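Participant: Pasting in a structure now, in C-alpha coordinates, and then I'll have a few things to ask.
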Amino acid sequence: MSARVTLAGALVVALAACNDGGHKFDRNSQIGPNPVLPAPKQYLVPPIHVAEVVGWHGSEMPTAAPGMRVQAMARNLNHPRNMLALPNGDVLVVESQGPNLDPITRPKNPIVSWVQKRATGQSGAKPSGPTNQITLLRDADGDGVPELRTVLLAKLNSPFGVVFADNHLYVAATDAVLRYPFTLGQTRITAAPTRLTELPGGPIDHHWTKSLTLSPDGRLLYATVGSNSNITENGMEAEKNRAAVWEIDRASGRARVFAGGLRNPNSPNFYPGTNTLWVVANERDELGPNLVPDYLTSVRDGGFYGWPYSYYGQHIDPRVMPQRPDLVARAIPPDYALSSHVAALGLTFYTGTSLPARYRGGALIGEHGSWDRDELNGYKVVFVPFANARPSGKTQDFLSGFLSPDGKQVRGRPVGVGIDRTGAVLVADDAGNVLWRVSAG
(Lines give C-alpha, C1' and ligand atoms only; values in the text may rest on other atoms or scores of the structure.)
Protein backbone atom coordinates (compact mmCIF):
# COMPACT_ATOMS: atom_id res chain seq x y z
CA MET A 1 0.00 0.00 0.00
CA SER A 2 1.39 3.40 -0.96
CA ALA A 3 2.23 6.08 1.59
CA ARG A 4 -0.26 8.39 -0.14
CA VAL A 5 -3.14 5.92 0.30
CA THR A 6 -2.10 5.20 3.91
CA LEU A 7 -2.04 8.93 4.67
CA ALA A 8 -5.38 9.47 2.95
CA GLY A 9 -6.94 6.61 4.89
CA ALA A 10 -5.64 7.94 8.18
CA LEU A 11 -6.99 11.40 7.40
CA VAL A 12 -10.39 9.96 6.50
CA VAL A 13 -10.56 8.21 9.87
CA ALA A 14 -9.46 11.34 11.71
CA LEU A 15 -11.91 13.53 9.83
CA ALA A 16 -14.78 11.12 10.41
CA ALA A 17 -14.18 11.42 14.15
CA CYS A 18 -14.70 15.19 14.06
CA ASN A 19 -17.38 15.27 11.38
CA ASP A 20 -20.43 17.37 12.17
CA GLY A 21 -22.63 15.37 9.77
CA GLY A 22 -25.88 16.96 10.91
CA HIS A 23 -27.68 14.02 12.54
CA LYS A 24 -30.21 16.38 14.15
CA PHE A 25 -31.07 18.07 10.86
CA ASP A 26 -34.32 17.00 9.20
CA ARG A 27 -33.35 16.07 5.67
CA ASN A 28 -37.00 16.11 4.61
CA SER A 29 -36.97 19.87 5.22
CA GLN A 30 -34.75 20.14 2.14
CA ILE A 31 -37.09 18.28 -0.20
CA GLY A 32 -39.47 20.45 -2.20
CA PRO A 33 -39.68 23.98 -3.59
CA ASN A 34 -38.60 25.86 -0.42
CA PRO A 35 -35.71 24.02 1.26
CA VAL A 36 -34.38 24.97 4.69
CA LEU A 37 -30.88 26.41 4.22
CA PRO A 38 -28.70 26.48 7.37
CA ALA A 39 -25.78 28.87 7.81
CA PRO A 40 -22.75 27.95 5.70
CA LYS A 41 -19.57 26.50 7.22
CA GLN A 42 -16.07 26.43 5.81
CA TYR A 43 -13.40 23.76 6.26
CA LEU A 44 -9.69 23.25 5.78
CA VAL A 45 -10.62 19.71 4.72
CA PRO A 46 -14.32 18.93 4.15
CA PRO A 47 -16.31 16.34 6.12
CA ILE A 48 -15.75 12.92 4.60
CA HIS A 49 -17.66 9.66 4.98
CA VAL A 50 -17.19 6.88 2.49
CA ALA A 51 -18.82 3.47 2.75
CA GLU A 52 -17.03 0.39 1.44
CA VAL A 53 -18.23 -0.74 -2.00
CA VAL A 54 -18.90 -4.49 -1.85
CA GLY A 55 -21.20 -5.10 -4.81
CA TRP A 56 -24.14 -7.50 -5.01
CA HIS A 57 -23.72 -11.11 -3.91
CA GLY A 58 -25.80 -14.14 -4.75
CA SER A 59 -29.50 -13.30 -4.99
CA GLU A 60 -29.13 -9.77 -3.54
CA MET A 61 -30.87 -6.97 -5.41
CA PRO A 62 -32.36 -3.56 -4.70
CA THR A 63 -35.78 -3.11 -3.11
CA ALA A 64 -38.48 -1.81 -5.44
CA ALA A 65 -41.56 0.18 -4.43
CA PRO A 66 -44.62 -1.88 -3.41
CA GLY A 67 -46.20 -3.61 -6.37
CA MET A 68 -42.99 -3.48 -8.41
CA ARG A 69 -40.67 -6.29 -9.50
CA VAL A 70 -36.91 -5.81 -9.92
CA GLN A 71 -34.53 -7.99 -11.94
CA ALA A 72 -30.98 -7.73 -13.26
CA MET A 73 -31.18 -7.20 -17.01
CA ALA A 74 -27.38 -7.35 -17.34
CA ARG A 75 -24.58 -8.06 -14.86
CA ASN A 76 -20.78 -7.86 -15.06
CA LEU A 77 -20.84 -4.57 -16.90
CA ASN A 78 -17.89 -2.22 -16.44
CA HIS A 79 -19.09 0.98 -14.79
CA PRO A 80 -22.46 1.42 -16.54
CA ARG A 81 -23.49 5.06 -16.30
CA ASN A 82 -26.37 5.58 -18.71
CA MET A 83 -28.66 3.83 -21.16
CA LEU A 84 -30.97 4.43 -24.12
CA ALA A 85 -33.95 2.26 -25.07
CA LEU A 86 -34.30 2.26 -28.87
CA PRO A 87 -37.67 2.18 -30.69
CA ASN A 88 -37.14 -1.46 -31.75
CA GLY A 89 -36.64 -2.57 -28.12
CA ASP A 90 -32.85 -2.80 -28.13
CA VAL A 91 -31.19 -1.18 -25.11
CA LEU A 92 -27.86 0.63 -25.34
CA VAL A 93 -25.80 0.66 -22.13
CA VAL A 94 -23.06 3.31 -21.82
CA GLU A 95 -20.09 1.94 -19.83
CA SER A 96 -17.70 4.73 -18.95
CA GLN A 97 -14.81 5.90 -16.78
CA GLY A 98 -13.59 9.46 -16.46
CA PRO A 99 -10.47 10.78 -18.20
CA ASN A 100 -8.64 11.64 -14.92
CA LEU A 101 -7.78 15.17 -15.99
CA ASP A 102 -8.42 16.93 -12.66
CA PRO A 103 -5.22 18.65 -11.45
CA ILE A 104 -4.01 18.93 -7.86
CA THR A 105 -4.56 22.61 -7.06
CA ARG A 106 -5.20 22.37 -3.31
CA PRO A 107 -3.58 20.26 -0.54
CA LYS A 108 -6.88 18.48 0.13
CA ASN A 109 -7.41 17.42 -3.50
CA PRO A 110 -5.51 14.09 -3.26
CA ILE A 111 -7.55 13.13 -0.21
CA VAL A 112 -10.87 14.06 -1.77
CA SER A 113 -9.95 12.30 -5.04
CA TRP A 114 -9.00 9.11 -3.18
CA VAL A 115 -12.27 9.17 -1.25
CA GLN A 116 -14.37 9.71 -4.37
CA LYS A 117 -12.69 6.79 -6.16
CA ARG A 118 -13.21 4.59 -3.13
CA ALA A 119 -16.88 5.64 -3.03
CA THR A 120 -17.40 4.52 -6.64
CA GLY A 121 -15.47 1.29 -6.25
CA GLN A 122 -12.63 2.47 -8.48
CA SER A 123 -9.96 1.90 -5.82
CA GLY A 124 -10.81 -1.77 -5.32
CA ALA A 125 -11.45 -4.74 -7.58
CA LYS A 126 -12.68 -3.83 -11.06
CA PRO A 127 -14.79 -5.99 -13.36
CA SER A 128 -12.90 -7.66 -16.16
CA GLY A 129 -13.12 -6.36 -19.69
CA PRO A 130 -13.00 -2.92 -21.27
CA THR A 131 -15.08 0.13 -20.48
CA ASN A 132 -15.65 3.43 -22.37
CA GLN A 133 -17.91 1.59 -24.76
CA ILE A 134 -21.59 1.16 -25.64
CA THR A 135 -23.06 -2.33 -25.22
CA LEU A 136 -26.22 -3.40 -27.03
CA LEU A 137 -28.77 -5.66 -25.31
CA ARG A 138 -31.46 -7.30 -27.44
CA ASP A 139 -34.58 -8.43 -25.57
CA ALA A 140 -36.95 -9.32 -28.38
CA ASP A 141 -39.76 -10.70 -26.20
CA GLY A 142 -39.59 -7.91 -23.59
CA ASP A 143 -39.15 -10.16 -20.57
CA GLY A 144 -36.03 -8.39 -19.32
CA VAL A 145 -33.71 -11.27 -20.26
CA PRO A 146 -31.59 -10.32 -23.29
CA GLU A 147 -31.04 -12.93 -25.97
CA LEU A 148 -28.05 -10.98 -27.35
CA ARG A 149 -25.32 -8.87 -25.76
CA THR A 150 -22.71 -7.29 -27.98
CA VAL A 151 -20.43 -4.25 -28.14
CA LEU A 152 -21.91 -1.65 -30.48
CA LEU A 153 -19.12 0.95 -30.11
CA ALA A 154 -15.71 0.60 -28.44
CA LYS A 155 -12.78 2.79 -27.40
CA LEU A 156 -14.77 5.96 -26.82
CA ASN A 157 -13.50 8.97 -24.87
CA SER A 158 -15.50 8.81 -21.61
CA PRO A 159 -18.99 8.68 -23.18
CA PHE A 160 -22.20 9.44 -21.30
CA GLY A 161 -25.12 10.89 -23.29
CA VAL A 162 -26.64 9.05 -26.26
CA VAL A 163 -29.54 9.95 -28.60
CA PHE A 164 -31.03 8.24 -31.67
CA ALA A 165 -32.67 10.25 -34.48
CA ASP A 166 -33.18 9.79 -38.23
CA ASN A 167 -30.87 6.81 -38.66
CA HIS A 168 -28.06 8.43 -36.71
CA LEU A 169 -26.70 7.79 -33.25
CA TYR A 170 -25.42 10.84 -31.36
CA VAL A 171 -22.91 10.15 -28.58
CA ALA A 172 -21.75 12.79 -26.10
CA ALA A 173 -18.14 11.89 -25.31
CA THR A 174 -16.37 14.06 -22.77
CA ASP A 175 -14.90 16.35 -25.46
CA ALA A 176 -17.35 16.25 -28.39
CA VAL A 177 -20.75 15.23 -29.69
CA LEU A 178 -20.18 12.46 -32.23
CA ARG A 179 -22.61 11.44 -34.99
CA TYR A 180 -22.64 7.90 -36.37
CA PRO A 181 -24.77 6.45 -39.19
CA PHE A 182 -26.93 3.81 -37.51
CA THR A 183 -29.90 1.68 -38.54
CA LEU A 184 -32.20 0.07 -36.02
CA GLY A 185 -31.30 -3.60 -35.70
CA GLN A 186 -27.60 -2.96 -36.34
CA THR A 187 -25.38 -4.67 -33.75
CA ARG A 188 -21.99 -3.12 -34.55
CA ILE A 189 -20.97 0.33 -35.77
CA THR A 190 -17.78 0.35 -37.82
CA ALA A 191 -18.19 3.68 -39.61
CA ALA A 192 -16.07 6.60 -38.46
CA PRO A 193 -18.03 9.34 -36.68
CA THR A 194 -18.52 12.95 -37.61
CA ARG A 195 -17.44 15.29 -34.82
CA LEU A 196 -20.59 17.37 -34.81
CA THR A 197 -19.71 19.77 -31.99
CA GLU A 198 -16.64 20.18 -29.80
CA LEU A 199 -17.35 20.26 -26.06
CA PRO A 200 -15.12 21.54 -23.23
CA GLY A 201 -12.78 18.69 -22.35
CA GLY A 202 -9.14 18.88 -21.23
CA PRO A 203 -6.60 19.83 -20.11
CA ILE A 204 -8.82 20.05 -16.99
CA ASP A 205 -12.05 18.04 -17.08
CA HIS A 206 -13.43 18.07 -13.54
CA HIS A 207 -17.06 17.22 -14.32
CA TRP A 208 -16.53 15.02 -17.34
CA THR A 209 -20.01 13.58 -17.97
CA LYS A 210 -21.85 15.21 -20.88
CA SER A 211 -25.56 14.34 -21.10
CA LEU A 212 -27.67 14.67 -24.23
CA THR A 213 -31.31 14.96 -25.29
CA LEU A 214 -33.33 15.85 -28.38
CA SER A 215 -35.77 18.76 -28.70
CA PRO A 216 -39.46 17.84 -29.22
CA ASP A 217 -39.29 18.93 -32.88
CA GLY A 218 -36.07 16.99 -33.47
CA ARG A 219 -34.07 19.96 -34.77
CA LEU A 220 -31.89 20.59 -31.73
CA LEU A 221 -29.74 18.71 -29.26
CA TYR A 222 -29.23 19.84 -25.68
CA ALA A 223 -26.01 18.90 -23.89
CA THR A 224 -25.07 19.46 -20.26
CA VAL A 225 -21.54 20.60 -19.38
CA GLY A 226 -20.54 20.62 -15.70
CA SER A 227 -18.15 23.05 -14.04
CA ASN A 228 -14.38 22.54 -13.95
CA SER A 229 -14.19 22.80 -10.17
CA ASN A 230 -16.16 22.84 -6.96
CA ILE A 231 -16.02 26.62 -6.57
CA THR A 232 -13.65 28.10 -9.22
CA GLU A 233 -10.41 26.89 -7.58
CA ASN A 234 -9.06 26.22 -11.10
CA GLY A 235 -9.71 29.82 -12.13
CA MET A 236 -12.56 31.42 -14.04
CA GLU A 237 -10.88 30.90 -17.41
CA ALA A 238 -11.23 27.14 -16.87
CA GLU A 239 -15.00 27.66 -16.49
CA LYS A 240 -15.56 29.20 -19.93
CA ASN A 241 -18.80 27.80 -21.42
CA ARG A 242 -19.10 25.36 -18.50
CA ALA A 243 -21.65 24.98 -15.70
CA ALA A 244 -24.19 25.25 -18.49
CA VAL A 245 -26.70 23.66 -20.81
CA TRP A 246 -25.72 23.91 -24.46
CA GLU A 247 -28.10 24.08 -27.41
CA ILE A 248 -26.74 22.41 -30.58
CA ASP A 249 -28.16 22.58 -34.09
CA ARG A 250 -28.39 18.94 -35.18
CA ALA A 251 -27.80 19.71 -38.86
CA SER A 252 -24.83 22.08 -38.65
CA GLY A 253 -23.35 21.48 -35.19
CA ARG A 254 -23.54 25.19 -34.31
CA ALA A 255 -23.83 25.61 -30.57
CA ARG A 256 -24.60 28.25 -27.97
CA VAL A 257 -24.98 28.37 -24.20
CA PHE A 258 -28.71 27.99 -23.54
CA ALA A 259 -28.55 28.50 -19.74
CA GLY A 260 -25.73 28.97 -17.21
CA GLY A 261 -24.89 29.00 -13.53
CA LEU A 262 -25.64 25.27 -13.11
CA ARG A 263 -22.67 23.71 -11.33
CA ASN A 264 -23.10 20.15 -12.61
CA PRO A 265 -26.31 19.67 -14.61
CA ASN A 266 -27.22 16.22 -15.88
CA SER A 267 -29.85 14.24 -17.80
CA PRO A 268 -31.73 16.99 -19.67
CA ASN A 269 -35.31 16.00 -20.51
CA PHE A 270 -38.30 17.82 -21.95
CA TYR A 271 -41.45 17.39 -19.95
CA PRO A 272 -43.81 15.27 -22.08
CA GLY A 273 -46.07 17.32 -24.32
CA THR A 274 -44.26 20.59 -23.60
CA ASN A 275 -41.22 22.59 -24.71
CA THR A 276 -39.98 22.94 -21.12
CA LEU A 277 -36.51 21.52 -20.50
CA TRP A 278 -35.65 20.05 -17.08
CA VAL A 279 -32.35 18.92 -15.56
CA VAL A 280 -31.07 17.59 -12.27
CA ALA A 281 -28.02 19.36 -10.86
CA ASN A 282 -25.32 18.70 -8.26
CA GLU A 283 -24.67 21.79 -6.20
CA ARG A 284 -21.40 22.90 -4.58
CA ASP A 285 -19.59 21.13 -1.72
CA GLU A 286 -17.66 22.16 1.41
CA LEU A 287 -20.24 24.53 2.92
CA GLY A 288 -21.49 21.93 5.38
CA PRO A 289 -23.31 18.59 5.43
CA ASN A 290 -26.64 20.31 4.78
CA LEU A 291 -25.54 22.78 2.12
CA VAL A 292 -26.18 23.02 -0.72
CA PRO A 293 -29.21 20.89 -1.73
CA ASP A 294 -28.99 19.23 -5.13
CA TYR A 295 -32.07 19.90 -7.22
CA LEU A 296 -34.47 19.32 -10.08
CA THR A 297 -35.30 22.39 -12.12
CA SER A 298 -36.79 23.65 -15.35
CA VAL A 299 -34.29 25.61 -17.43
CA ARG A 300 -35.09 28.83 -19.24
CA ASP A 301 -33.41 30.14 -22.37
CA GLY A 302 -30.86 32.70 -21.14
CA GLY A 303 -31.45 31.81 -17.50
CA PHE A 304 -28.73 32.03 -14.85
CA TYR A 305 -28.93 29.76 -11.79
CA GLY A 306 -26.30 31.22 -9.46
CA TRP A 307 -23.10 29.17 -9.65
CA PRO A 308 -20.50 30.10 -8.53
CA TYR A 309 -21.58 33.37 -6.93
CA SER A 310 -24.76 32.32 -5.15
CA TYR A 311 -27.07 29.39 -4.51
CA TYR A 312 -30.83 29.08 -4.37
CA GLY A 313 -31.29 32.54 -5.74
CA GLN A 314 -29.46 35.24 -3.84
CA HIS A 315 -27.71 33.21 -1.09
CA ILE A 316 -24.11 34.42 -1.46
CA ASP A 317 -21.21 31.97 -1.46
CA PRO A 318 -18.59 33.77 0.67
CA ARG A 319 -15.68 31.91 -0.95
CA VAL A 320 -16.03 33.48 -4.41
CA MET A 321 -14.09 36.65 -5.04
CA PRO A 322 -14.67 39.02 -6.71
CA GLN A 323 -18.44 38.75 -6.51
CA ARG A 324 -20.83 39.58 -9.34
CA PRO A 325 -23.84 41.32 -7.77
CA ASP A 326 -25.31 41.84 -11.25
CA LEU A 327 -25.48 38.08 -11.82
CA VAL A 328 -26.61 37.31 -8.27
CA ALA A 329 -29.50 39.74 -8.68
CA ARG A 330 -30.90 37.72 -11.58
CA ALA A 331 -30.08 34.23 -10.29
CA ILE A 332 -33.13 31.95 -10.63
CA PRO A 333 -33.92 29.67 -7.67
CA PRO A 334 -34.35 26.00 -8.65
CA ASP A 335 -37.86 24.53 -8.78
CA TYR A 336 -37.42 21.57 -6.44
CA ALA A 337 -34.74 20.64 -3.88
CA LEU A 338 -33.69 17.01 -3.44
CA SER A 339 -31.67 17.35 -0.18
CA SER A 340 -27.95 18.00 0.22
CA HIS A 341 -25.26 15.95 -1.53
CA VAL A 342 -27.52 13.21 -2.90
CA ALA A 343 -25.61 13.57 -6.21
CA ALA A 344 -28.61 13.48 -8.54
CA LEU A 345 -27.36 12.28 -11.93
CA GLY A 346 -30.26 10.54 -13.66
CA LEU A 347 -33.63 11.96 -14.72
CA THR A 348 -36.48 10.67 -16.82
CA PHE A 349 -40.20 11.38 -16.93
CA TYR A 350 -42.40 8.31 -16.84
CA THR A 351 -44.19 8.09 -20.18
CA GLY A 352 -45.04 4.39 -20.11
CA THR A 353 -48.36 2.79 -19.26
CA SER A 354 -47.40 -0.54 -17.65
CA LEU A 355 -46.66 0.84 -14.17
CA PRO A 356 -49.50 2.00 -11.89
CA ALA A 357 -51.21 5.22 -12.99
CA ARG A 358 -49.72 7.21 -10.09
CA TYR A 359 -46.34 7.18 -11.84
CA ARG A 360 -47.48 8.64 -15.14
CA GLY A 361 -45.97 12.03 -15.86
CA GLY A 362 -43.78 12.03 -12.75
CA ALA A 363 -39.98 12.24 -12.55
CA LEU A 364 -37.67 9.35 -11.71
CA ILE A 365 -34.28 10.49 -10.40
CA GLY A 366 -31.11 8.45 -9.86
CA GLU A 367 -29.30 9.66 -6.72
CA HIS A 368 -25.71 8.45 -6.85
CA GLY A 369 -25.16 9.20 -3.15
CA SER A 370 -23.06 11.38 -0.88
CA TRP A 371 -19.43 11.05 0.18
CA ASP A 372 -18.93 14.36 1.98
CA ARG A 373 -21.29 14.12 4.96
CA ASP A 374 -21.33 11.81 7.97
CA GLU A 375 -24.94 10.67 7.51
CA LEU A 376 -25.06 9.18 4.01
CA ASN A 377 -27.70 10.64 1.71
CA GLY A 378 -29.08 9.48 -1.63
CA TYR A 379 -28.09 6.01 -2.87
CA LYS A 380 -31.52 5.33 -4.38
CA VAL A 381 -33.92 6.14 -7.18
CA VAL A 382 -36.69 8.49 -6.10
CA PHE A 383 -40.00 9.44 -7.70
CA VAL A 384 -41.27 13.03 -7.76
CA PRO A 385 -45.00 13.31 -8.54
CA PHE A 386 -46.05 15.97 -11.07
CA ALA A 387 -49.37 17.71 -11.65
CA ASN A 388 -49.99 20.26 -14.40
CA ALA A 389 -46.38 19.75 -15.55
CA ARG A 390 -44.99 20.83 -12.15
CA PRO A 391 -43.65 18.94 -9.10
CA SER A 392 -46.57 18.33 -6.76
CA GLY A 393 -45.36 16.49 -3.66
CA LYS A 394 -42.52 14.95 -1.67
CA THR A 395 -40.16 12.37 -3.13
CA GLN A 396 -41.03 8.69 -2.80
CA ASP A 397 -38.53 5.83 -2.79
CA PHE A 398 -38.80 3.91 -6.06
CA LEU A 399 -35.68 1.73 -5.88
CA SER A 400 -33.63 1.50 -2.68
CA GLY A 401 -31.45 -0.99 -0.80
CA PHE A 402 -28.19 0.13 -2.42
CA LEU A 403 -26.82 0.66 1.11
CA SER A 404 -26.44 -2.15 3.62
CA PRO A 405 -28.84 -1.87 6.61
CA ASP A 406 -26.06 -0.55 8.86
CA GLY A 407 -25.06 2.06 6.27
CA LYS A 408 -21.43 0.93 6.27
CA GLN A 409 -21.33 -0.82 2.91
CA VAL A 410 -22.46 0.11 -0.59
CA ARG A 411 -23.82 -2.58 -2.88
CA GLY A 412 -24.38 -0.23 -5.79
CA ARG A 413 -24.95 3.37 -6.85
CA PRO A 414 -27.67 4.40 -9.32
CA VAL A 415 -26.90 6.82 -12.13
CA GLY A 416 -28.92 6.98 -15.36
CA VAL A 417 -32.64 6.16 -15.46
CA GLY A 418 -34.67 5.28 -18.56
CA ILE A 419 -37.88 3.65 -19.82
CA ASP A 420 -37.86 0.62 -22.09
CA ARG A 421 -40.37 -0.25 -24.84
CA THR A 422 -42.61 -2.17 -22.42
CA GLY A 423 -42.79 0.71 -19.92
CA ALA A 424 -40.38 -0.86 -17.44
CA VAL A 425 -37.83 1.40 -15.74
CA LEU A 426 -34.11 0.83 -16.35
CA VAL A 427 -31.45 1.90 -13.85
CA ALA A 428 -27.68 1.96 -14.48
CA ASP A 429 -25.75 0.94 -11.34
CA ASP A 430 -22.12 1.97 -11.84
CA ALA A 431 -20.73 0.61 -8.56
CA GLY A 432 -22.64 -2.69 -8.70
CA ASN A 433 -21.96 -3.02 -12.47
CA VAL A 434 -25.57 -3.99 -13.14
CA LEU A 435 -28.41 -2.72 -15.32
CA TRP A 436 -31.56 -3.10 -13.21
CA ARG A 437 -35.08 -3.37 -14.65
CA VAL A 438 -38.18 -2.49 -12.61
CA SER A 439 -41.54 -3.60 -13.91
CA ALA A 440 -45.09 -3.96 -12.59
CA GLY A 441 -45.27 -6.91 -10.22
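The values are calculated or read from the model by the stated rules, or taken from the named source; none is laboratory data. It should be emphasised that the depicted structure is a prediction, and the values quoted were computed from it without experimental measurement. Virtual Cβ from ideal backbone geometry, glycine too; neighbours counted across all protein chains shown. Just the protein is used for accessible areas: all its heavy atoms, side chains included, with ligands, DNA and RNA removed. Shrake-Rupley method; radii C 1.70, N 1.55, O 1.52, S 1.80 Å.
Participant: Select from region 401-432 the residues that are outside any strand (DSSP E or B), modelled with pLDDT of 95 or more, surrounded by fewer than 23 Cβ atoms within 10 Å (Cβ to Cβ) and under 22 Å from the mean Cα position of the chain (by Cα) and list them in ascending order.
Facilitator: Kept after step one, since they are outside any strand (DSSP E or B), are these residues of region 401-432: 401-402, 404-408, 411-413, 420-424, 430-432.
Add one more test, that the residue is modelled with pLDDT of 95 or more, and what stays is 401-402, 411-413, 420-424, 430-432.
Checking the rest, the ones that are also surrounded by fewer than 23 Cβ atoms within 10 Å (Cβ to Cβ) come to 401, 411, 421-423.
GLY401, ARG411, GLY423, listed by residue number.
Condition check ((1) at pLDDT 95 or above; (2) among the polar types (S, T, N, Q); (3) part of a loop (DSSP other than H, G, I, E, B)) across all residues:
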| site | (1), (2), (3) |
| --- | --- |
| TRP246 | yes, no, no |
| THR297 | yes, yes, no |
| PRO308 | yes, no, yes |
| MET321 | no, no, yes |
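Participant: GLY261 versus (1) in contact with a helix residue (DSSP H, G or I) (Cβ under 8 Å, 6 or more places away or on another chain); (2) open to solvent by less than 10 Å² (accessible area, probe 1.4 Å); (3) under 22 Å from ASN100 (Cβ atoms): which is the lone unmet condition?
Facilitator: Status for GLY261: all satisfied but (3).
Participant: Out of all the residues in region 323-339, which are in a loop (DSSP other than H, G, I, E, B) and either closer than 25 Å to PRO385 by Cα or open to solvent by 60 Å² or more (accessible area, probe 1.4 Å) (or both)? Step through it out loud before you land on a result.
Facilitator: Residues of region 323-339 that are in a loop (DSSP other than H, G, I, E, B), as a first pass: 323-324, 330-335.
Within region 323-339, ARG324, ARG330, ILE332, PRO333, PRO334, ASP335 qualify.
Participant: Follow-up question, since we're still on this one. Can you tell me which condition GLU286 does not meet? The list is (1) modelled with pLDDT of 95 or more; (2) open to solvent by 10 Å² or more (accessible area, probe 1.4 Å); (3) over 18 Å from the mean Cα position of the chain (by Cα), and all the others hold.
Facilitator: Of the numbered conditions (1) modelled with pLDDT of 95 or more; (2) open to solvent by 10 Å² or more (accessible area, probe 1.4 Å); (3) over 18 Å from the mean Cα position of the chain (by Cα), the odd one out for GLU286 is (1).
Participant: Now for a separate question. Going by the conditions given, is PRO159 assigned to a loop (DSSP other than H, G, I, E, B), at pLDDT below 95 and farther than 22 Å from GLY303 by Cα?
Facilitator: So PRO159 does not fit the description; no.
Okay, residues lined up against (1) assigned to a loop (DSSP other than H, G, I, E, B); (2) among the aromatic types (Phe, Trp, Tyr); (3) open to solvent by less than 40 Å² (accessible area, probe 1.4 Å):
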site: LYS24; (1), (2), (3): yes, no, no
site: ASN28; (1), (2), (3): no, no, no
site: PRO35; (1), (2), (3): yes, no, yes
site: ALA39; (1), (2), (3): yes, no, no
site: TYR43; (1), (2), (3): yes, yes, no
site: PRO46; (1), (2), (3): yes, no, yes
site: HIS49; (1), (2), (3): yes, no, no
site: GLY55; (1), (2), (3): yes, no, yes
site: SER59; (1), (2), (3): yes, no, no
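Participant: Quick one: in region 168-179, which of the residues that are in a strand (DSSP E or B) and under 22 Å from the mean Cα position of the chain (by Cα) is surrounded by the most Cβ atoms within 10 Å (Cβ to Cβ)? Walk me through how you get there before you give the answer.
Facilitator: Step one: list which residues in region 168-179 are in a strand (DSSP E or B), which gives 168-172, 176-179.
In the following step, the residues that additionally are under 22 Å from the mean Cα position of the chain (by Cα) were identified as 169-172, 176-178.
Numbers: LEU169: 23, TYR170: 26, VAL171: 28, ALA172: 30, ALA176: 19, VAL177: 26, LEU178: 21.
The residue in question is ALA172.
Participant: Another question, if that's okay. Looking at (1) over 30 Å from GLY288 (Cα atoms); (2) open to solvent by 20 Å² or more (accessible area, probe 1.4 Å); (3) in contact with a strand residue (DSSP E or B) (Cβ under 7 Å, 6 or more places away or on another chain), which is the one condition that is false for PHE182?
Facilitator: (2)
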